[in-house]
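The structure appears below as structure tokens.
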Amino acid sequence: MKKLSEQYIIDYLSSDTTLPSNIIGIGDDTAVIERDTNCELITKDLLIEDQHFRLRYGSPAQLARKALHVNLSDIAAMGGTPLAILLGLSIPLTLPLDYLTSFLTAFKEECNKANVHLIGGDTTHSPQGFIISITAIGQADKTHIKYRSGATEKNVLCLLGYAGDAHAGLLLLENNQPDCQPLKDAFLAPTALIEEGAWLGKQTAVTAMLDTSDGIYLDLKRLSAASQVGAILNIDTLPLSPSLSQASEALPVSPIECALIGGEDYGLLFTVQATELKALKESFSRHFNIPFTVIGVMTQQPGLVLQQNNKPFECHYQPFSHFHEEQ
Ligand code: ADP
Ligand code: MG
């Protein structure tokens, strides 16, 4: 029996469609339009009040940053550089004008900081809830684009950034827990790894990449499926931030659960040719100052195997899904 799921919709829309040979459509972090050696990268994300954010949890400036950076993260995940933004707003009459003005001011500032141009959008009334719909356009040299499908057996699986902070922050906010502000900020105002993504794009040793918007467990499944390889993920190596480790008492779930199935971290999950790993990691640390962690390896055998202390680890955690479908 057919059931509503995000995947059902994506599969339905992408089946039986033929695109011109220079356009790559549904299936990656962005669509790609090739023009000679230069490519345009195009992506869209929706933020819905009380589905993705609550007005009372953070400031309008934090919401503006999040709305922009969740889109920029997809461009970074392709190895590209963001160029322009279209901002769609659907506004309920209940939204205070001061809030909206602060949001708009911060949005323009964030665009300036990220060096992207706000080139258009659309504005409507919303019968319920504040809705933000952003289209981001980026660019990349054709040879620098990293797809989810490029990983091969024995490639090393790596993560940039910490895992689980944003989900922990959300749980703390939802449970009215005081303190732990860095975790709450990770959820409220994430930072896309824009320069890091563009740098990784230029590295031939990097074979596949995506951003961790839905948690490592689901995002790694997507990378593996697109590349038609399996993966072994070592739970012990997952990079937990000092803030997350310190907050474990206050959290209703373990930090490992946050790291595995918690979304919205916007780290970069990528695969590297094993022989090039050492040089790549050294070069990365000369340019940047965020955690670069080896968390697993890609395998010929399809499927995702989780290991803890070299023993199999059963993941009983249920990742978030919009329509409560099995993942
Ligand atoms: P991401 O988390 O990187 O933003 P998603 O998981 O949201 O990616 O989407 C996966 C792929 O499906 C993307 O290529 C996206 O463009 C496409 N997609 C999602 N929803 C729709 C839709 N309603 N119509 C067309 N394509 C969609
Ligand atoms: Mg993505």
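Structure values in brief
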| item | result |
| --- | --- |
| Average Cα contact separation per residue, the range 12-70, under 8 Å, 6 or more apart, as relative contact order % | 17 |
| Calculated [θ] (222 nm, deg cm²/dmol) that DSSP helices of n ≥ 4 give over the chain, each run adding -39,500 (n - 2.57) | -9500 deg cm²/dmol |
| Relative contact order (%) - criterion: Cα under 8 Å, at least six apart; region: the range 176-260 | 32 |
| Cα centre as origin, Lys/Arg/Asp/Glu Cβ charges: the chain dipole, Debye | 440 |
| Segments 6-19, 50-63, 177-190 sorted - mean Cβ within 10 Å per residue, highest first | 177-190, 50-63, 6-19 |
| The range 1-125 shape via C-alpha gyration tensor axes, a/c threshold 1.5 | oblate |
| The chain: relative contact order in percent, alpha carbon pairs under 8 Å with at least 6 residues between | 22 |
| Under 5 Å, built H, 5+ apart or other chain: amide partners of L306 | L233, F313 |
| Residue exposure sequence - T293, T143, T43 - by fewest surrounding Cβ within 10 Å | T143, T293, T43 |
| Of K146/K278; K113/K281; K154/K278; K281/K311, those spanning more than 25 Å from alpha-carbon to alpha-carbon | K113/K281; K281/K311 |
| 5 angstrom amide H check on T207, placed H, neighbours 5+ away | T271, V272, Q273 |
| Cβ-based exposure ranking for S21, S248, in which fewest neighbours within 10 Å come first | S21, S248 |
| 5 angstrom amide H check on G230, placed H, neighbours 5+ away | T299, Q300, Q301, G303 |
| Relative exposure of H117, H316, judged by other C-beta atoms within 10 Å (fewest first) | H316, H117 |
| HN-Hα J in Hz across the range 276-289 - Karplus 6.51, -1.76, 1.60, θ = phi - 60°, x for Gly and Pro | 9, 4, 4, 5, 5, 5, 5, 5, 4, 6, 6, 9, 9, 10 |
| Average silhouette area of the chain, convex hull of alpha-carbon atoms, in square nanometres | 18.0 |
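Every number in this text was worked out from the coordinates using simple rules, so none of it is lab data. What you are looking at is a predicted structure, and each value in this text was computed from that prediction instead of being measured. FYI the Cβ positions are ideal-geometry reconstructions off the backbone, even for glycines, and counts take in every protein chain you see.
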